[in-house]
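Since the structure comes first, as structure tokens, the remarks are kept for the end.
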Amino acid sequence: MKNLNKFVGTGVAIVTPFKNNGDVDYKALNKLVQHIVKGGCNYLVVLGTTGESVTLSTEEKNKVVETVVKSNNGKLPVVLGLGGNNTLHLLEEIKSTDFNGINAILSVSPAYNKPSQAGIVEHYKLVSKYCPVPIILYNVPSRTGSNMLPATVVEIAKSCKNVIGIKEASGNIEQAMSIIENKPKDFLVISGDDGITLPLIACGAAGVISVVANAYPKKFSQMVNAALNNDYQAAQKLYYPFHNFIPLLFAEGNPGGIKSVLKDLKIMEDQVRIPLVKISKSLAGKLKNSMKSL
């Protein structure tokens, strides 16, 4: 049986803070990690989409990971975002990666070149062969341009023993349910969308990799834990203050919204890197007002 417990509950897709001059703000990153750890979340996810990894240099990526691992100091498991659409290049990246302090990788399905389902399976078989730590698949069709169908996910889960779960961010509850229904017992289905985490847990999901929990780790993880403990009355009470907040958070893209909130919480600046831009002043005002309910 795979050791899955460490990835049940609330994982946090950590943002990468930037200074006003555009440099990575490692001091703010340390502050953010401490905020999340104290909030009672279950694991950290570094260099994912929310972390703007595609706009970081190799040197910056290495230092971001180093900062997170050092700040975390072994308190929570750490998942590293490591994926791509050039399979052979990804294998080279895996070979050159220092996995000290890394407990698993989150590997997004290949984007842009739109592989067939068979191509997706072959991609992950190779990643599985060369990756020394457990793998969490990541399905996010809105970004990749292709959808990992439930049958594909189940095939990968059955054929790749170190593939332990999937971050399912298609937004399609029926698709997630189909995976849950047919998956191996030792395989986690993890919500990739904050707004549907509660119903997905009710359907059998193991938790969430959350953006919201950057700002509100305690309240959101309490909601997730209540749902996982089948206390849906408590979970509903904890969730509904977030109900109107979450759509605002993503209204002009991610991570602009959550960075605006983190600035209001005095954790970091709201800088993002081109081609992303800050959210509008109008949306920032709406978010600030919505924060009052939280």
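Readers should treat all values here as calculations from the given coordinates under stated rules, not as data from a laboratory. Only a predicted model underlies this, so the values are computations on that prediction, with no experimental measurement involved. Here Cβ is always computed from backbone atoms with ideal geometry, including for glycine, and neighbour counts include all displayed protein chains.
A few notes on this one:
- Take every Cα pair under 8 Å whose residues are at least 6 apart in sequence, average their separation, divide by the length of segment 7-217, and the relative contact order is 20 percent.
- Computed from the Cβ-Cβ distance with R0 of 41 Å, the FRET efficiency linking SER142 to ASN21 stands at 0.85.
- Calculated FRET value between ASN100 and ASN289, using beta carbons and R₀ = 51 Å, to 0.05: 0.70
- Gain in span if fully extended, LYS129 to SER159, counting 0.36 nm per residue against the direct Cα distance: 9.7 nm
- Gain on full stretching of the segment that runs from LEU91 to LYS218 - 0.36 nm per residue minus C-alpha separation: 42.1 nm
- 18 Å Cα-Cα reach of LYS61 towards aspartates and glutamates, excluding residues that sit fewer than 8 places from it in its own chain: ASP23, ASP25, GLU52, GLU92, GLU93, ASP98
- Inter-site label distance for LYS75 and LYS114 at 7 Å from Cα along Cβ, in nm: 4.5 nm
- Charging the Cβ of each Asp and Glu at -1 and of each Lys and Arg at +1, and nothing else, the dipole of the chain about its Cα centre rounds to 640 debye.
- Cross-link reach list, lysines versus LYS161, counting only Cα pairs under 24 Å and skipping chain neighbours closer than eight places: LYS2, LYS6, LYS95, LYS125, LYS129, LYS183, LYS185
- Rg over Rh for segment 7-217 works out to 0.94, using Cα positions for both radii and the Kirkwood form for Rh.
- Sequence-distant lysines (8 or more away, or on other chains) whose Cα lies within less than 16 Å of LYS63: LYS19, LYS27, LYS31
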